[in-house]
Structure formats: structure tokens, C-alpha cells
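Each remark here refers to the structure printed beneath this line.
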């Protein structure tokens, strides 16, 4: 479907955002060629954008390598306000880590990916540790599936049509039909357990954070096959997550009354 507002968009801003998003990996710096390949832009265009960001203080170059500066954090500062989901969630996530000894995360759905917006790690961090702002495939994560399960049917079908169901391990669901079946189960029980679907040796369980029966995010615990089993995640960790997700949802609703108007009694 054609975007009716496409004529009102500013292409130069879209390109600038594409350059910023090129730095979403684990590399500390990138060359113009690497950024151009990731952003799908011509090198001269990327160079001009980087020079503009350098002038504004958001990027700097060292020889042929470019890095972002701490000033880019200003861009996301508004999202992490006191009433935001991440800031409210942090008050409760440490309780989960203390009780389980595992890593606790909050994620939100963006298309076919999950974005981690809050994370508290145990003193024994997992390999391939996720960073704030990092994107992971929704179909291969417990956090992703509890949020996909709450999409309206037409939204889910649009997401599945656009989503590459790539295999990350032999356990990853790569069939749209199998994923629909899994999401139906997740929707019925309102939690998901993922066993080595994204990384070998890693397991996870997640529940939605529901405000007025609508998900504002997902709360999950990730661990290893050495520390947790599917049974322990389901019987011990999941009930704790439900309790904490309820507390987060209540606090988030109270902190944002303008978003959630109570129906007149």
C-alpha cells in the first residue's frame, strides 16, 4: 500500500537516520564504505552526512574510521524520561535478577524485530550479551513472540509477509505456518519459552506487559541451559515475571494518565 504521506517526507533526514542506524552493531567504528553498504546509500552522500554530523557534534572521524559521539544520546533522552517504560521497569527488574540470578530485559516490538529498551544483568553475564537499543529477530525470541501474539490478525500477516524468518539455530522457527501455530499457543497462555532458538545454549521466558489488555512491551528473563530448564522457566520464573509485569504495567499507567484515560464508571 502506498504511503499517502510520502510526498511530505524529507529524504535527507531519512538518509541521515539510515546512517545513524548503521552503527547499531558491535563495531566501535566504521568506514564510509561500510556505512554506505549498510545504509544502501552512495559513498559521497554518506560522506556529506557524516561531515554534517561532525559539524553538529554527533560524529567524529579518526583517519578513515568514523564513530558516533556521546552527544547522540541526546536524541533518545526524551524516550528515557521518568515516565517512560524503561525508567519505570528498572525499579522492578532488579527484583527479578535477585530472585533468579538471571538477566532480565524489557523489549518493545518494531516491525519484525524486538528492541531491548531496558536490561539488568546478573554478575555472570551471558555470552553475546544484548545492549540497550539492540534489535533481535522477534520470531526467534521469547520477548518477540509474546508481542507478535498480541498483534491484530491483519498486522500479524503484514509482519509475516515482510519478515525474513531466518534460521539462527536448528530450533529456530522458519515456517510462517509453524510460527502462526506457536503464536496461537502463546496467545492462549500469555507467555513464551524459547529454548536455543536464537543462540545455542541460551534459553528465555517472557510475558507481555499489559495495560488495559494492550501490550506496551514485554518482560523477559534469559539464561543458559546450564542454569535453567524449560520446566524451571515455566514453573518458577514465569510466575515471577507475571507478578512483576503487572506491577510495571500499573506504575506505567499511573505515570502516564494522558495515555490511558479511565472509562467512566
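Descriptive notes on the structure:
- Among the candidates 235, 181, 197, residue that is without any contact (Cβ under 8 Å) to a residue 24 or more places away in the chain and closer than 23 Å to residue 113 by Cβ: 181
- Selected residue (criterion: surrounded by the most Cβ atoms within 10 Å (Cβ to Cβ)) from residues of segment 213-239 that are under 20 Å from residue 259 (Cα atoms) and more than 14 Å from the chain's Cα centre (by Cα): 214
- Considering the conditions (1) part of a loop (DSSP other than H, G, I, E, B); (2) surrounded by 16 or more Cβ atoms within 10 Å (Cβ to Cβ), residue 249 is excluded by exactly one of them, (1).
- Matching residues in segment 175-202 - criterion: being more than 16 Å from residue 149 (Cβ to Cβ) and surrounded by 15 or more Cβ atoms within 10 Å (Cβ to Cβ): 195, 196, 198, 199, 202
- Among the residues making up segment 154-163, those that are over 18 Å from residue 213 (Cα atoms) and without any contact (Cβ under 8 Å) to a residue 12 or more places away in the chain are 154, 157, 158, 161.
- Residue 36 being more than 26 Å from residue 130 (Cβ to Cβ) and buried (at least 17 other Cβ atoms within 10 Å of the Cβ): yes
- Identity of the residue in segment 25-58, in contact with a strand residue (DSSP E or B) (Cβ under 7 Å, 6 or more places away or on another chain) and not in a helix (DSSP H, G or I), that ends up farthest from residue 71 (Cα to Cα): 31
Readers should treat all values here as calculations from the given coordinates under stated rules, not as data from a laboratory. All values derive from a computational prediction rather than experimental measurement. In this analysis, Cβ positions are derived from the backbone assuming ideal geometry, glycine residues included, and neighbour counts consider all displayed protein chains.
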